[in-house]
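One structure is given below, encoded as structure tokens.
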Amino acid sequence: MTQTSLSPPDDGADRAERVEHSWALVSIVILALLVVIAAFAALYHGAMPQSRVETADPRTLHLGGEFIESNLGSALEPDGTVTVRAIGQQYSFTPSCILVPTNTPVTFRATSADVVHGFLIDGTNINLMLVPGYISSLGGRFDTPGERLMPCHEFCSVGHEGMWGRIKIIDKAAFVRMAAERRRLSCVE
Ligand SMILES: [Cu+2]
């Protein structure tokens, strides 16, 4: 008997183990990459987990709180940014014309008073779903003055096709002058 015939037959077990280790390593690298992406999104973009979800009772929006009618429209904050509050309902937005300044960080906060609506500003990546019971929020910035359309892009029943709003972007100095006179601004005539 020779030495080689005494060793166990080569059934590929070693090779299979090596392959398994390689695949395990690939999975670990993917997991590590996802952790890095999540950490980057959380720290750099200020993304929050779903547990931070903000709610607003659609039955009492008109009675008080953030989305009462007198609080809708554009507000200049003490830090120089602008907050826009709006409501979508069958089949219009309130306010139906939103006024924002150029070159200013703008935060949109909106909700729905009835069914799901869409909040989309044409030609930008501002695109929200307005879900009754929840507050949708997104930041944006506008470089040039002008006017943009804001169609509801979630089918919300028979009058959906007539549900349009407008965004009017005006010079920052003019906006600041108007904000000194009125607490909430809009371009509704
Ligand atoms: Cu709608």
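To the nearest 10 Å², what's residue 183's accessible area with a 1.4 Å probe?
Only protein atoms counted, so the area is about 150 Å².
For the chain, with a Gaussian network of springs between Cα atoms less than 10 Å apart, report the residue from 21, 117, 153 with the top mean-square fluctuation.
21
Report, for the chain, the % of DSSP beta bridges that are antiparallel, rounded to 5.
If we restrict to bridges inside the chain, about 65 percent are antiparallel.
Residue 26 versus residue 125, label points 7 Å from Cα toward the beta carbon: distance in nm?
Roughly 3.0 nm, to one decimal.
Keeping all protein chains in position, work out how much accessible area residue 62 exposes to a 1.4 Å probe, and write it in Å² to the nearest 10.
Here the residue's solvent-accessible area equals roughly 130 Å².
With a 1.4 Å probe and every protein chain left in place, work out the accessible area per residue of the range 56-189 in Å², rounded to a whole number.
Solvent-accessible surface per residue comes out at 50 Å².
Once you keep just the Cα pairs under 8 angstrom separated by 6 or more residues, what percentage relative contact order results for the range 22-101?
16
To test your reading of the geometry: what angle, between 0 and 90 degrees and rounded to tens, separates the Cα axis of helix 172-181 from the longest principal axis of the chain?
Helix 172-181 sits at roughly 60 degrees to that axis.
Could you tell me, in Å, what Rg and Dmax come out for the Cα atoms of the chain?
My reading of the Cα-based Rg and Dmax gives 26.7, 104 Å.
From largest accessible area down, sort 157, 74; use a 1.4 Å probe on the protein chains.
Descending order: 157, 74.
For residue 41 and residue 66, FRET efficiency with R0 = 25 Å and r from the beta-carbon atoms, rounded to 0.05?
Between residue 66 and residue 41 the formula returns 0.45.
Isolated Cys in the chain by the 4.7 Å beta carbon test?
152, 156 - these cysteines have no disulfide-compatible partner (Cβ-Cβ under 4.7 Å) in the chain.
Among 12, 139, 64, whose mean-square fluctuation peaks in a Gaussian network model of the chain (Cα, cutoff 10 Å)?
Taking springs between Cα atoms under 10 Å, the residue moving most is 12.
Under a 10 Å cutoff between Cα atoms, tell me which one of 57, 171, 11 has the largest fluctuation in the Gaussian network model of the chain.
11
Between the range 34-110 and the range 138-189, how many Å separate their Cα centres?
13
The values are calculated or read from the model by the stated rules, or taken from the named source; none is laboratory data. Worth saying up front: this structure is predicted, and the values here are computed from it rather than measured. Methodologically, a virtual Cβ is constructed for each residue, glycine included, from the backbone with ideal geometry; neighbour enumeration extends over all protein chains shown. Ligands, DNA and RNA are excluded from the accessible area calculation, which covers all protein heavy atoms including side chains. Shrake-Rupley method; radii C 1.70, N 1.55, O 1.52, S 1.80 Å.
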